[in-house]
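Below is one structure, written out as structure tokens; the observations come after it.
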Amino acid sequence: MKSNFKYDVDAIRAQFPACKLEINGAPIAYLDGPGGTQVPQSVLDAITGYLINDNANEDGNFRASAMARYTEEAARAAAADLLGSDPQEIGLGMASTQNSFNLALNISKNLKEGDELIITEMDHRCNSAPWKSLERIGCVVKTVRLDPETQQLDFEDYKSKLSEKTKVVAVNWASNAIGTITDVKKYIELAHEVGAFTVVDAVHYAAHRPVDVKAIGTDALLTSPYKWFGPHSGVIYLKSDYIKSLDFNNVKCDDIAEGGRRFHMGTPQYEVLAGITAAVNFIAGEGEKYAEFFEDELSGLSGRRRNVVAGMLAIDSHEMALAKKLRTGLREIKGVKVYGPAEGEERTPTVSFTMEGHSPEEVSKVLGSKGINSWNGDFYAVEVIEALGLAESGGLVRVGMAPYCTESDIDRTLNTITEIARS
């Protein structure tokens, strides 16, 4: 990134209708991004535009029906540009959790009693519960340890659990609870040495960093558009070999047995797919503004894919600066403990903490009363909270950055936490 890069947060905020809302005369501080972002006007327009102008099922002999198929293909192409894949390797569903269970169901047809599956203590239940469910057919599920001191996965523990019996490795790219980023490529490479199928949960990661599924070499990857400015839904990447070979649960009609459509169980939500395309185009639109500052990072890329990567890099730069300011300020408040990897380690702009003498729920409620959105608890990353010894005390307070967040949001948050600490 060039040193003269400057991010225009006001221009971003102008695109999000939610940024005009206030509580008690103050703009809402949307620090709840790890649970889902706000939606730009362009995404709203795409969803309502589809419902108004083109609301029909596909494969009919009229314009709206033709647009339904076009809308589906456009969403698949947009998601492919986001993830660095071929459009025919993209499956679309209602949620990443649904996609994950659907994947496990289809993979299980090739598993037998005694086969081993590996998950981790870093995982959101989206990426672990589906594989745990296969214990019912006799699969053995092993869990990679989270080191509570470094708050990183224990790679040596992973290597000790990997064997010729391992058939699936499901690993988290970035923790939605503490922001730790894992070098998933080295996990994938070792898994492939023993012939295991690999799944990466990128739901949290893809909201903040560019994704390149070919570079990490995974067989499957999960992401959720509502974490990157789109509607509630799920996108799954599946390597083409598996798209072709797996016996998917669907209605087995010839006209749907093509590419990523084989993964679908039925008719998709076309209005949601229109929103997915618009969300990717929003990111790409930001990339067009800032591409000149990331020429080295964008080498070899072209078209919308290039702009998407540029957009994510620009957004990440803004978010990380805000997150560092928040972490630094929190550490100066007596009784506050900030969680996550050590400074200098790879992480997302998600900041989680506890306060001595105040439960996470209490802190989150006070923040909410001031118009500052946050989360508290375990965020479905139950094993992370247990590994950190925080289950009985209510977990963590979690705030996270999004491109429309401002320094004022951080200042208000720090002031409110200081007031709580003094109470």
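The values are calculated or read from the model by the stated rules, or taken from the named source; none is laboratory data. Computed from a prediction, not measured in an experiment: that's the story for all the values here. Don't worry about glycine lacking a Cβ; one is built from the backbone with ideal geometry, like all the others, and counts go over all protein chains shown. Only protein heavy atoms, including side chains, enter the accessible area calculation; ligands, DNA and RNA are left aside. Shrake-Rupley method; radii C 1.70, N 1.55, O 1.52, S 1.80 Å.
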Selected residue (criterion: nearest to residue 230 (Cα to Cα)) from residues of the range 19-43 that are assigned to a helix (DSSP H, G or I) and touching a residue at least 60 places away in the same chain (Cβ under 8 Å): 43
Tabulated pairs, the range 289-315, first closer than 23 Å to residue 74 by Cα, second open to solvent by 10 Å² or more (accessible area, probe 1.4 Å) and of a type outside the set (A, V, I, L, M, F, W, C), C-beta under 6 angstrom, 6+ apart or interchain: 304/81; 305/81; 307/288; 308/81; 309/210; 310/290; 312/210
Residue 224 vs. criteria touching a helix residue (DSSP H, G or I) at 6+ places or on another chain (Cβ under 7 Å), open to solvent by 20 Å² or more (accessible area, probe 1.4 Å) and of a type in the set (Gly, Ala, Ser): no
Residue check for residue 129: small (Gly, Ala, Ser) and either surrounded by fewer than 24 Cβ atoms within 10 Å (Cβ to Cβ) or under 21 Å from residue 239 (Cα atoms) (or both): yes
Residue in the range 319-372 that is surrounded by the most Cβ atoms within 10 Å (Cβ to Cβ), counting only those that are in contact with a Ser or Thr (Cβ under 6 Å, 6 or more places away or on another chain) and among the β-branched types (Val, Ile, Thr): 372
Residue pairs meeting the criteria (Cβ under 7 Å; at least 6 apart or on separate chains; first among the small types (Gly, Ala, Ser), in the range 137-165; second part of a loop (DSSP other than H, G, I, E, B) and surrounded by fewer than 17 Cβ atoms within 10 Å (Cβ to Cβ)): 138/113; 138/114; 163/194
Any hit, the range 87-100, residues being out of contact with any Gly (no Cβ under 9 Å at 6 or more places or on another chain) and surrounded by fewer than 22 Cβ atoms within 10 Å (Cβ to Cβ): no
Positions within the range 264-306 being part of a loop (DSSP other than H, G, I, E, B) and either closer than 23 Å to residue 54 by Cβ or of a type in the set (Phe, Trp, Tyr) (or both), in sequence order: 264, 265, 266, 267, 268, 269
Given (1) within 24 Å of residue 312 (Cβ to Cβ); (2) of a type in the set (Asp, Glu); (3) assigned to a loop (DSSP other than H, G, I, E, B), index of the condition residue 59 fails: (1)
Residue check for residue 37: in contact with a Lys or Arg (Cβ under 8 Å, 6 or more places away or on another chain), surrounded by 19 or more Cβ atoms within 10 Å (Cβ to Cβ) and of a type outside the set (A, V, I, L, M, F, W, C): yes
Complete set of residues in the range 147-179 that are more than 18 Å from residue 190 (Cβ to Cβ), within 22 Å of the chain's Cα centre (by Cα) and not β-branched (Val, Ile, Thr): 151, 174, 175, 176, 177, 179
Residue match in the range 53-73 (condition: open to solvent by 30 Å² or more (accessible area, probe 1.4 Å), within 30 Å of residue 349 (Cβ to Cβ) and either of a type in the set (A, V, I, L, M) or more than 21 Å from the chain's Cα centre (by Cα) (or both)): no
Sole residue being over 23 Å from residue 82 (Cβ atoms), touching a residue at least 24 places away in the same chain (Cβ under 8 Å) and not acidic (Asp, Glu), chosen from 206, 202, 215, 177: 177
Residue 399, sole failed condition from (1) assigned to a strand (DSSP E or B); (2) open to solvent by 10 Å² or more (accessible area, probe 1.4 Å); (3) not polar (S, T, N, Q): (2)
